[in-house]
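Some notes on the structure that comes next.
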Ligand code: ADP
Ligand code: MG
């Protein structure tokens, strides 16, 4: 993209955040986790959110997915203002429009892999047969054949993340949000998740993932760096223009540098 490419209107972006802020009030001093973040994610983009621990990455992802509410700022999802939506409306949005992979695997422990994957489809009103068919497709695509009847506790770390990915994708979400999907995995399992996310992206899936993993970030179109609740860098990989229209010469090597 170039400086001539205007910031899309809220309706053209899958996600648009303006001045998004979130402060936690605990026993001690308040924590300003996210401070005035502006972020636009276009359809089909793969965005890696990176930055040191405590930078506000998970909080920002949770705000975008409606798992937490901002204190201030505006948020659009598919052109719709959503920052004031209540919990019930957000659960409908998450079922229909957003696939979420949380940092600590959120599979239901007493349900089989198959049931875990089908559950969001059934909750969204899909007929059981359609949910089963979609599950079967995802099981094949994500290499989970033979694991449908297993319980989450019987899976390897990589299989658990792939099951969580299948569950996040079952309703064909407009956007996939993932919080450190390779964070707990070893090299091979991690590369498998990277490969799957890249393949989804190539097929047009919009993805926002929090990651410390240079391999995963290098597959993204854009790396957004957070520090102390603020966006400190927003770089389009392999391009010569930054989101703010200033030139950059980063490329994939830049991602590695951005990690510090
Ligand atoms: P990251 O994902 O980049 O590590 P987080 O969004 O988890 O950062 O956290 C940002 C800041 O907010 C940190 O200082 C963290 O301790 C604080 N924080 C996160 N969640 C909570 C919470 N539920 N209550 C209080 N403070 C929180
Ligand atoms: Mg985090």
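The values are calculated or read from the model by the stated rules, or taken from the named source; none is laboratory data. Owing to the predicted nature of the structure, the values given are computational and were not obtained by experimental measurement. Neighbour counts run over all protein chains shown; Cβ positions are idealised from the backbone, glycine included.
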Restricting segment 70-107 to residues that are at pLDDT 90 or above, in a loop (DSSP other than H, G, I, E, B) and under 26 Å from residue 162 (Cα atoms), which is farthest from ligand 2 (Cβ to nearest atom)? 97
For the list (1) farther than 30 Å from residue 133 by Cβ; (2) out of contact with any strand residue (DSSP E or B) (no Cβ under 6 Å at 6 or more places or on another chain); (3) surrounded by fewer than 22 Cβ atoms within 10 Å (Cβ to Cβ), I need the number of the one condition that residue 226 fails. (3)
Tell me which residues, restricted to segment 199-219, are touching a residue at least 40 places away in the same chain (Cβ under 8 Å) and either part of a helix (DSSP H, G or I) or away from ligand 2 (no atom under 16 Å from the Cβ) (or both). 201, 204, 205, 206, 207, 214, 216, 217, 219
Kindly provide the set of residues from segment 8-64 that are away from ligand 2 (no atom under 16 Å from the Cβ), in a strand (DSSP E or B) and loosely packed, with under 15 Cβ neighbours inside 10 Å, ordered by number. 19
Can you spot a residue in segment 125-142 that is in contact (Cβ under 8 Å) with a residue 12 or more places away in the chain, under 15 Å from residue 98 (Cα atoms) and buried (at least 19 other Cβ atoms within 10 Å of the Cβ)? no
Does segment 226-246 hold any residues that are modelled with pLDDT of 95 or more and in contact with a helix residue (DSSP H, G or I) (Cβ under 7 Å, 6 or more places away or on another chain), and which are they? 226
Which one is surrounded by the fewest Cβ atoms within 10 Å (Cβ to Cβ) among residues in segment 163-187 that are away from ligand 2 (no atom under 16 Å from the Cβ) and farther than 15 Å from residue 209 by Cα? 187
Within segment 77-98, can one find any residue that is surrounded by 15 or more Cβ atoms within 10 Å (Cβ to Cβ), under 30 Å from residue 24 (Cα atoms) and within 16 Å of ligand 1 (Cβ to nearest atom)? no
Working carefully through the options 257, 249, find the one that is modelled with pLDDT under 80, surrounded by fewer than 19 Cβ atoms within 10 Å (Cβ to Cβ) and either part of a loop (DSSP other than H, G, I, E, B) or within 13 Å of ligand 1 (Cβ to nearest atom) (or both). 249
